[in-house]
Amino acid sequence: MKDAAPKKRAPGPLSGKTIVLTGGLRALSRDEATKAAQDAGARVASSVSKKTDFVVAGTDPGTKYDKAVQLGVEIVDEREFLKRLGR
């Protein structure tokens, strides 16, 4: 008999993390970066708060970057983001 419950995914490298994307990324489009982060277990938020684990800052990051600095939230570049994704 088949199990009716959906199969749980194995925890990804970003499981339980809340991240924010800001600025342009070279290797991935915003949609691709969002999907990659979600597939790795992260929640992708649209704004920075104290609960944000880290901000991925690409080119011309803008006010989300400034807010992360103000709140003391970790800021990583695209290379570090890809590394955390296991790429």
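Miscellaneous remarks
- Accessible area per residue in Å² at 1.4 Å probe, computed on the chain: 70
- Within the accessible surface of the chain, defined with a 1.4 Å probe on protein heavy atoms only, the carbon and sulfur portion equals 49 percent.
- At q = 0.15, 0.19, 0.23 Å⁻¹, base-10 log of I(q)/I(0) for the chain (Debye sum, equal scatterers on each alpha carbon): -0.53, -0.79, -1.11
- Stretch gain in nm, segment Arg43-Arg26, where the contour uses 0.36 nm per residue and the Cα spacing is subtracted: 4.0 nm
The values are calculated or read from the model by the stated rules, or taken from the named source; none is laboratory data. Source: prediction; values computed, not measured. To get the accessible areas, we keep the full protein, side chains included, count just its heavy atoms, and leave off ligands, DNA and RNA. Shrake-Rupley method; radii C 1.70, N 1.55, O 1.52, S 1.80 Å.
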